[in-house]
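To keep things clear, I will list the structure first and then write my remarks on it.
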Amino acid sequence: PWQLDERDASGRLVLDQGPEPNRDDPPDVLDGNDLILFMASDAGERLGSFPGAPVLPRGVVAAVEVELTDPHTARHAWVYLLRFAESAPRSPISYVRYDPPSDHIRGARVALGFTQGTPRFLALVGPDGLVGENLLDRMKIRARARFLWGLFSFTRSEDDVQTRFVAWRQGPIRVVRRQQLWVRLGWGFRTPIFGSDTYFYRDWADLPVTLRLNFAPHVLFTDVTIRAVLDFRDLRGWTVQTPGRRGVLRVDGKMVAEK
């Protein structure tokens, strides 16, 4: 299985489903800024590299070889971009699935769900395909803003978050879900609108946030601070690993001061 994700003229990913889809020009044509996605674990042996090794299937009129190298193990693997004289075969495998009515995304090992635009469901998927109990209580958001030279200050939580669903796209490799968010501050004020594209793969998800302003922030706001954390339920027996820390922290249900 593989997936073609297009980008439009502005460089945004083309999401063709939902209330506000965007289009590429021309559509369904592989441009220089588009992406071809596949799972590295699906790469295999090099064609014809040893007796009995795979060979090109029938009907192929052109091929491009792509070599992959794992920097940690120095292992090599190969994939091939093939052009067929007639219609190319399609893989029946899809690693991800999105259900728009419930706003839930499911992969091979984990399922993620949204409620009013924020993650409220996270569960493991067992080998039998059954989804386990929800491990996530909520995403906690704390927004603080000072404006008019610091004369006024507001603090808001996830209950004040407003969202607008924009678009989505599903392929066999990943699901991309796009929305806009802002936080009500009171007195008719709100934080600037920021965008969030969720990238959900077979085994993991990425939820980056992008904030763009069409005015100088200091004109209105002295400062705006937004923090978001995931509040999990009982995770005793799990381990936590963060980019800035060596090793892992084991969750044992006890709170101690870090040394």
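State yes or no: is residue 93 in a loop (DSSP other than H, G, I, E, B), within 30 Å of residue 12 (Cα to Cα), open to solvent by 50 Å² or more (accessible area, probe 1.4 Å) and modelled with pLDDT of 90 or more? Judged against the criteria, residue 93 is a match. Residues of region 137-155 that are outside any loop (DSSP other than H, G, I, E, B) and modelled with pLDDT under 80: 143, 144, 145, 146, 147, 152, 153, 154, 155. When the criteria are applied in full, residue 144 fails the requirement of being under 15 Å from residue 117 (Cβ atoms) and surrounded by fewer than 19 Cβ atoms within 10 Å (Cβ to Cβ).
Restricting attention to region 157-209, and to residues there that are modelled with pLDDT under 80 and open to solvent by 50 Å² or more (accessible area, probe 1.4 Å), which single residue is nearest to residue 121 (Cα to Cα)? My answer is 209. Could you tell me how many of the residues in region 101-112 are assigned to a loop (DSSP other than H, G, I, E, B) and open to solvent by 60 Å² or more (accessible area, probe 1.4 Å)? Residues meeting the conditions: 2. Looking at this structure, is residue 15 in contact with an Asp or Glu (Cβ under 9 Å, 6 or more places away or on another chain) and loosely packed, with under 14 Cβ neighbours inside 10 Å? It is false that residue 15 is in contact with an Asp or Glu (Cβ under 9 Å, 6 or more places away or on another chain) and loosely packed, with under 14 Cβ neighbours inside 10 Å. Would you call residue 96 under 17 Å from residue 170 (Cβ atoms), touching a Leu at 6+ places or on another chain (Cβ under 7 Å) and among the aliphatic types (A, V, I, L, M)? Taking the combined requirement at face value, the residue does not satisfy it. Restricting the first member to region 195-206 and to residues that are closer than 18 Å to residue 226 by Cα, and the second to residues that are of a type in the set (S, T, N, Q) and part of a strand (DSSP E or B), the beta-carbon pairs closer than 8 Å and six or more apart or on different chains are 195/179; 195/180; 195/210; 196/179; 196/180; 196/210; 197/210.
The values are calculated or read from the model by the stated rules, or taken from the named source; none is laboratory data. Source: prediction; values computed, not measured. Positions of Cβ are generated from backbone atoms using ideal geometry, with glycine treated the same way; all protein chains shown enter the neighbour counts. Side chains are part of the model used for accessible areas, which takes the heavy atoms of the whole protein and leaves out ligands, DNA and RNA. Shrake-Rupley method; radii C 1.70, N 1.55, O 1.52, S 1.80 Å.
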